[in-house]
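Beneath this line is the structure, given in structure tokens, with notes to follow.
The values are calculated or read from the model by the stated rules, or taken from the named source; none is laboratory data. None of the values given here were measured: they were computed from a predicted structure. Cβ placement follows ideal geometry from the backbone for every residue including glycine, while neighbour counts extend to all protein chains displayed. These accessible areas exclude ligands, DNA and RNA; they are computed on the full protein's heavy atoms, side chains included. Shrake-Rupley method; radii C 1.70, N 1.55, O 1.52, S 1.80 Å.
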Amino acid sequence: LARAEGRAYAVTVVHDRVRDERTLLTDAFRATATGPDYAYMRALGHLPALLHPAPRRAAVLAFGTGTTAGSLASHPEVESIDVLELSAEVLEQADHFASVNGDVLQDPRVRVTVGDGRRSLATRPDAFDLITMEPLLPDAPGAVHLYTRGFYELAREALAQGGLLCQWVPPHALPPETARAVVDAFAASF
């Protein structure tokens, strides 16, 4: 359906006729899709918004199909959503996933920053009630930095008092020692 070459990686959108779903590929890696295996992305938007008593300011790190950002935007108490995405080419594909993201990039509450999400968070201390994210797996180029103690400490600083960070960590897709290292880094930082 679409293909774009970017600084970070090549981005491709295909319609997977076997699974009957739209799929976003980054450098030929199946990053995300619209099928039932990806329903947890809605939870990444809804869960922190439901758990926080006053979720006014939110950040979504790693846009993908936009499912998480779209779910977060369905909560009217959320006044602002900062989308932090490394690849402009990923964002350019959002229209292909409107069925799961609800055209969230057109929402006036959404502000998009293209670049390294770590740098974006570092410039915004106490800025967010919620940070939710599902970056590529730690072994993907550049993604390992989003699973380190240094990153989690930086994210903690970007949270307002009582803020929540929600991240999907797929233990089934990681070697046990990697999964333990990620959980240890998170626990040590929070």
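Would you mind classifying the stretch 38-145 by shape? Square roots of the alpha carbon gyration tensor eigenvalues, ordered a ≥ b ≥ c; an a/c under 1.5 is rounded, otherwise it is prolate if a/b is larger than b/c and oblate if not. Rounded shape, in that the Cα axes give a/c under 1.5. Once the Cβ-Cβ distance of ARG109 and LEU51 is raised to the sixth power relative to R0 = 25 Å, the FRET efficiency obtained is 0.80.
Of HIS145, HIS96, VAL83, which is farthest along the charge dipole of the chain in the positive direction, counting Lys and Arg as +1 and Asp and Glu as -1 at C-beta? Comparing the listed Cα positions along the dipole, HIS145 ranks first.
Short-range pairs are left out: with C-alpha atoms under 8 Å and at least six residues apart, the relative contact order of the stretch 23-128 is 25 percent. When SER74, SER87, SER99 are compared by accessible surface with a 1.4 Å probe, the order from highest to lowest is SER99, SER74, SER87. Helices of the chain meeting both criteria, an alpha-carbon length of 18 angstrom or more along the long axis and an average Kyte-Doolittle score not below -0.5, with helices taken as full DSSP H segments, are 176-189. The relative contact order of the chain, computed from alpha carbon pairs under 8 Å that lie at least 6 residues apart in sequence, is 18 percent.
Counting only protein heavy atoms and a probe of 1.4 Å, the accessible surface of the stretch 1-99 is 53% carbon and sulfur.
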